[in-house]
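The structure appears right after this line, and notes come after that.
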Amino acid sequence: MKARTRFAPSPTGYMHIGNLRTALYEYLIAKSGGGDFLLRIEDTDQKRYVEGATDIIYSTLKTVGMNWDEGPDVGGNYGPYVQSERKPIYAEYAHKLVELGGAHYCFCAPKEESEDDEAEENAVPAKFQDPCKRLSLEEARARIAAGEPFTVRQTINKKGKSRFHDEVYGDIEIDYDDLDEGVLLKTDGFPTYNFANVIDDHLMEITHVVRGNEYISSTPKYNLIYETFGWTPPVYVHVPQVMKDAQHKLSKRNGDASFQDLVAKGYLPEAILNYIALLGWNPGDDREIFSLSELEKAFSVERLNKSPAIFDIVKLTWMNGCYIRELSAENFHRLALPYYQKCLTRPLDLAALSKVLQPRIETLADIAAQTDFLEQLPDYDLALFENKKMKTDRDVAKNALKPVAALLPQVEPWSNENLFEQLKKLAADNGLKNGQVLYPVRIALSGRETTSGGATELAAILGREETLARINVALRRLGEQG
Ligand code: GLU
């Protein structure tokens, strides 16, 4: 049987890394066996509605290449795929569940209901002893007919242990006494997550449910609903939380938890996706670099693990560097351009700049710090010209930069390669070592001890006029000194 999986995000306006990882595992379970991947929008909590939030979900999945086979925008045979459009379906099943004895009507004050709601949100079972459970069905129906607001609450009469299997956590036992009789259908007719997920997963014929381990404790409640209806529960795949460190979850507040935050910080979508695949899954060997289609081939549920997944930004940054180096020169340039536009206004040979940066940066955001001296020559310390290894000091620098300044107006073509040949020749003609010319030129052009790119690469980027101007600044300052 082919797998049918679903990604069921709540539209929060924010794609948490943990959610994207869930989506990825759902996608891989489906695609590794030629199955279907569905997108379902879980928007039953109207209080939390955020304008434009669904677009973020669509655009994130599209950016990383996880296309869905069924969903709100593409349709499918099991729609609607937006929960707020399924209200009549939930109502129908809620009343059915009452008839079957798996739920009851409840008339408790909204206060108790909202407290219960909060507990649902935190997915922590709070024991709620519902007095309405004792009402007869006739009595309850009469009160509903008289217009009294009601909710539908789950009825849990079972005693002993609930047992179920999870693909990651193994066999799990939870005491029925630990389960609360939570609201399934609210007074406004909207279902809670605890009800909607069961109804939809069944009706949409979902075979595998991947979700955070915070849902494990509620799973027996879902199983009771499946059982009462005579339905088969899906295969459960609960995954550990994504942690910032051993104690803290990745949180929205720090600005480090969302896909969008990472993209804004200069990480490539492909690298983020590759990295998060490994947050809780391993291929069984040392391999670390996987494209999405390679993941489809390599993935297996058995290799998901339950130890907490720590989000290691250093590792992601390293991986991002690998992806940057794998880009074609053209693609790198295209991705770097917006970053250049943000911090560079001077006319520069940007294609030459891209050539220098691509092998040397780890995130696109590094571009700013790697190029600030191109925009404006910093006020550097002349002591930088003194370098034992390069056998340079201020006098050597002056003696090298003078003929360089005389040569540069004639250099043709103005390219890194030609400049390099010409400066090497100049060094030989003046009885200097290559480094005694190239090192002072690099300091004069950058005002920095270390730069991405050597002297002639920087000259090619800066252009003839600015290169000469900077050499002359150095000569003037060195002259004033001596
Ligand atoms: N809407 C739920 C969430 O965003 C989905 C959980 C599930 O996949 O069942 O956490």
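Throughout, read-outs are computed from the coordinates displayed, never taken from laboratory work. It should be emphasised that the depicted structure is a prediction, and the values quoted were computed from it without experimental measurement. We place every Cβ from the backbone using ideal geometry, glycine too, and count neighbours over all the protein chains shown.
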Please report, to two decimal places, log10 I(q)/I(0) for region 333-449 at q = 0.16 Å⁻¹ as given by the Debye formula with identical point scatterers on the Cα atoms and no solvent. -0.87
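For region 130-217, how big is the tail of P(r) above 16 Å, as a whole percent of Cα pairs?
Percent of Cα pairs beyond 16 Å in region 130-217: 67.
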Scan region 358-461 for trypsin sites (Lys or Arg not before Pro) in coil per DSSP, keeping those whose Cβ has at most 16 other Cβ atoms within 10 Å, and list them by number. R360, K388, K389, K391, K433, R448
Would you mind listing how long region 165-278 runs along its three principal axes, going by Cα atoms, in whole Å with the largest first? 50, 37, 29
With no solvent and one equal point scatterer placed on each C-alpha of region 42-87, evaluate the Debye formula and give log10 I(q)/I(0) for q = 0.23, 0.26, 0.30, 0.31 Å⁻¹, two decimals. -0.94, -1.07, -1.15, -1.16
The chain: angle of helix 219-229 to the longest principal axis, Cα-based, in degrees nearest 10: 50
About the Cα centre of region 293-375, how large is the charge dipole given +1 on each Lys and Arg Cβ and -1 on each Asp and Glu Cβ? Please answer in debye to the nearest 20. 60
Want the number for D177 to D69: 0.36 nm per residue separation, take away the alpha-carbon distance, what's left? 34.9 nm
How fast does the chain diffuse by Stokes-Einstein, in µm²/s, taking the Kirkwood radius from C-alpha pairs at 4 °C and 1.567 mPa s? 48
I'd like the chymotrypsin sites (Phe, Trp or Tyr not before Pro) in region 383-482 restricted to DSSP loop residues with at most 12 other Cβ atoms within 10 Å, sorted by number. none
How far apart, in nm, are the 7 Å Cα→Cβ label points at K159 and E330? 7.4
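Pulled fully out, how much extra length does the chain show between S251 and A405, if you take 0.36 nm times their separation in residues and subtract their Cα-Cα distance?
So the chain would gain 50.0 nm between S251 and A405.
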hull vol. (C-alpha, convex hull) per residue for region 233-323, Å³ -> 127
Report the semi-axes of the equivalent ellipsoid for region 304-369 in whole Å, largest first, where each axis is √(5λ) for an eigenvalue λ of the Cα gyration tensor. 29, 13, 9
Point-charge dipole on Cβ atoms (K/R +1, D/E -1) for region 400-482, about Cα centre, debye to 20: 260
Zone of D429 (label point 7 Å along Cα→Cβ, backbone N under 17 Å): which residues in region 383-421? 399-415, 418-421
R0 of 60 Å, Cβ-Cβ distance S32-R476: FRET efficiency to nearest 0.05: 0.35
From the helices alone, meaning DSSP H stretches of at least four residues, give me the mean residue ellipticity at 222 nm for the chain, per-run term -39500 (n - 2.57), in deg cm²/dmol to the nearest 500. -14000 deg cm²/dmol
What does the extension gain come out to for C343 and A264, with contour length at 0.36 nm per residue minus their alpha carbon separation? 26.9 nm
